[in-house]
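*Asks:* My questions will all concern the structure given below.
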Amino acid sequence: MPREKVIIIGSGPAGLTAALYTSRAILKPLVISGNQLGGQVSITSEVENYPGFPEGTTGPELVDFMQKQAEKFGARVLIDEVTQVDLRNGSPFTVKTHGDEFETEALIICTGASPRRLGIPGEEELIGRGVSFCATCDGFFFREKEVVVVGGGDSAMEEANFLTRFAKHVRVIHRRDELRAGETLKQRAFANQKISFVWDSVVTEVLGDGQVQAVRVRNVKTDEDQEIASDGVFVAIGHIPNSALFKDQLEMDDREYLKTDARMMTSVPGVFAAGEIQDPTFRQIATSVGQGSAAAMMAERWLEEQE
Ligand code: NAP
């Protein structure tokens, strides 16, 4: 079984930055990409808040730059998905993918988070038939159509604003009468003529025969039900950490985010975590990059201490 010094699981900003730092420490890290090279950023159209790009950049471009920079110093990126890890006996750890099995002395987990689902009838069945979790990916299919966005946070506002490029009209359905989103995105959404709001309301069902046709919505204050005709439903109600692989092996909080200490180390010595897998709060490219570099430096130091 090939033995690595450092394996990094996940190839978003945290993973690719951990790769840059560990490669510059001549540890020849192996990055296992996961099912989406670049993670969530790779499907983000505009990145306006990552420093160093005064004109903004795109998610795919940023990922491409980060990958090239890490590879320049010796990082290797394997396009595969980790299916199993064994951390129980300490370092070296075992990491299995669909196609390979490795041993690694240190492990940096950067598996990120995935969109949370509403868990209502019709949602699952109509994914790809009008139900989407990514406006950047699917917005194009809704030219001159009616769409709804569910949620009141930054993601929902970003999705709603983006969708107005294509859709005829975007209705934001939010369960309260106040948005959670920050001021900039909120004001941008309020100023956008193509966006309207349905307050104090939850979507209880996605309706459609093979294709989304409407959503059933309940007003939580009046208990009144109504059907809103719509061609698309974009769900933007937050994320859940991709931590299932580590269940019963690493300590997690009550929302199943990995717990890390000040050195970015998990409950198992030699296993580090960075980015959204251990950060429910900030979730920014800039913070993930910071956490990725910190985890890499701590992994390097930990490996040195073992020698
Ligand atoms: P979020 O801030 O957790 O917001 C989730 C939204 O969905 C909230 O409005 C919440 O309602 C609503 N919600 C949650 N569960 C729901 C359910 N079951 N049914 C209906 N509505 C539900 O998530 P996010 O918008 O993905 O943002 C996460 C983090 O990423 C935040 O820190 C955010 O600032 C950051 N972010 C930043 C940017 C940016 O800076 N450009 C872009 C995207 C995300 P309540 O408000 O009632 O809780």
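*Asks:* Could you check which residue among E48, E144, E224 shows the biggest mean-square fluctuation in a GNM of the chain with a 10 Å Cα cutoff?
*Replies:* Largest GNM mean-square fluctuation: E224.
*Asks:* Can you give the Rg/Rh ratio of region 38-96, where Rg is from the C-alpha atoms and Rh is the Kirkwood radius? Don't skip to the end; give the middle numbers.
*Replies:* Numbers: Rg = 16.0 Å, Rh = 14.0 Å.
Ratio value, two decimals: 1.14.
*Asks:* For K194, list the lysines whose Cα falls under 30 Å from its own Cα; do not include residues on the same chain fewer than 8 positions away.
*Replies:* Counting by Cα, and skipping residues close in sequence, K194 has these lysines nearby: K145, K168, K186, K221.
*Asks:* At 20 °C and 1.002 mPa s, what whole-number value in µm²/s does Stokes-Einstein give for the translational diffusion of region 117-235, with Rh from the Kirkwood sum over Cα pairs? Walk me through the numbers before you get to the answer.
*Replies:* Numbers: Rh = 13.9 Å.
Rounded, D is 154 µm²/s.
*Asks:* Find how many whole Å separate the alpha carbon centroid of region 181-196 from the alpha carbon centroid of region 283-298.
*Replies:* 30
*Asks:* Quick check for me: using +1 on Lys/Arg Cβ and -1 on Asp/Glu Cβ, what's the dipole size of the chain about its Cα centre, in debye to the nearest 20?
*Replies:* 480
*Asks:* Compactness ratio of the chain: Cα Rg over 2.2 N^0.38 Å, N = residue count?
*Replies:* Working: Rg = 21.0 Å, N = 307, 2.2 N^0.38 = 19.4 Å.
Taking the Cα Rg and dividing by 2.2 N^0.38 Å, one obtains 1.08.
*Asks:* Angle check, please: helix 13-24 long axis (alpha carbons) against the longest principal axis of the chain (alpha carbons), in degrees 0 to 90, nearest 10.
*Replies:* 20
*Asks:* Here's a follow-up. Mind checking which of N192, V206, V170 is farthest towards the positive end of region 169-287's charge dipole, using Cβ charges of +1 (Lys, Arg) and -1 (Asp, Glu) about the Cα centre?
*Replies:* So the residue we want is N192.
*Asks:* Moving on to the next point. Expressed as a rounded percentage, what relative contact order does region 19-97 have, with Cα pairs under 8 Å and six or more residues apart?
*Replies:* Once normalised by length, the contact order is 37 percent.
*Asks:* Just grab the label-to-label distance for D261 and D248, each label 7 Å out from Cα along the Cβ direction, in nm (one decimal).
*Replies:* 2.6
*Asks:* How far is helix 154-163 tilted, in degrees, relative to the longest principal axis of the Cα atoms in the chain, given as a value from 0 to 90 rounded to the nearest 10?
*Replies:* Roughly 60 degrees between the two axes.
*Asks:* Further, regarding this structure: Post the alpha-carbon centroid distance, region 266-282 to region 1-56, in whole angstrom.
*Replies:* Here the two parts' Cα centres lie 15 Å apart.
*Asks:* Which FRET efficiency, nearest 0.05, do E48 and I240 yield, Cβ-Cβ r, R0 30 Å? Intermediate values should be presented prior to the final figure.
*Replies:* On the way: r = 26 Å, r/R0 = 0.85.
Step by step, r from the Cβ atoms, then E = 0.70.
*Asks:* Nearest 500 deg cm²/dmol is fine: what mean residue ellipticity at 222 nm does the chain get from its DSSP H runs of n ≥ 4 alone, each adding -39,500 (n - 2.57), divided by its residue count?
*Replies:* Numbers: 6 runs with 71 residues, N = 307.
After summing the helix terms and dividing by the residues of the chain, the value is -7000 deg cm²/dmol.
*Asks:* So which residue, out of A18, A244, A295, gets the largest mean-square fluctuation from a GNM of the chain using Cα contacts under 10 Å as springs?
*Replies:* So, out of A18, A244, A295, the one fluctuating most is A244.
*Asks:* Another one. Using a simple spin-label model with points 7 Å from Cα along the Cα→Cβ vector, what separation in nm is obtained for A286 and T58?
*Replies:* Output for this residue pair reads 2.4 nm.
*Asks:* Can you give the local net charge around G74? Use residues other than it whose beta-carbon is closer than 15 angstrom to its beta-carbon, Lys and Arg +1, Asp and Glu -1. Don't skip to the answer; put the middle values down first.
*Replies:* Numbers: positive: K5, R24, K28, K68, K72, R76; negative: E4, E71, E300.
Computed value for this residue: +3.
*Asks:* How much length, in nm to one decimal, is gained on full extension between T94 and L78, taken as 0.36 nm per residue of separation minus their Cα-Cα distance? Please report the intermediate quantities before stating the final value.
*Replies:* Numbers: separation 16, 0.36 × 16 = 5.76 nm, distance 1.60 nm.
Extra length available between T94 and L78 comes to 4.2 nm.
*Asks:* Report the residue, chosen from Q249, Q291, Q69, that carries the largest GNM mean-square fluctuation when the chain is represented by alpha-carbon nodes joined by springs under 10 Å.
*Replies:* The residue that fluctuates most here is Q249.
*Asks:* In the chain, which cysteines lack any other cysteine Cβ under 4.7 Å from their own?
*Replies:* That list is C110.
*Asks:* Here is a further query. Describe numerically, in nm with one decimal, the distance between label points set 7 Å from Cα along Cα→Cβ at E227 and at S114.
*Replies:* Here the answer is 3.2 nm between the modelled labels.
*Asks:* Using the alpha-carbon atoms, what tilt in degrees (0 to 90, nearest 10) does helix 285-306 show relative to the longest principal axis of the chain?
*Replies:* 20
*Asks:* Can you list the HN-Hα couplings for region 240-246, worked out from phi with the Karplus curve (6.51, -1.76, 1.60; θ = phi - 60°), rounded to whole Hz and with x for Gly and Pro?
*Replies:* 10, x, 8, 10, 4, 4, 10
The numbers here are math on the coordinates, done by the rules we state, and not lab data. All of these numbers come straight from a predicted model, not from anything done at the bench. Note: ideal-geometry Cβ built from the backbone for every residue, glycine included; neighbour counts use all protein chains shown.
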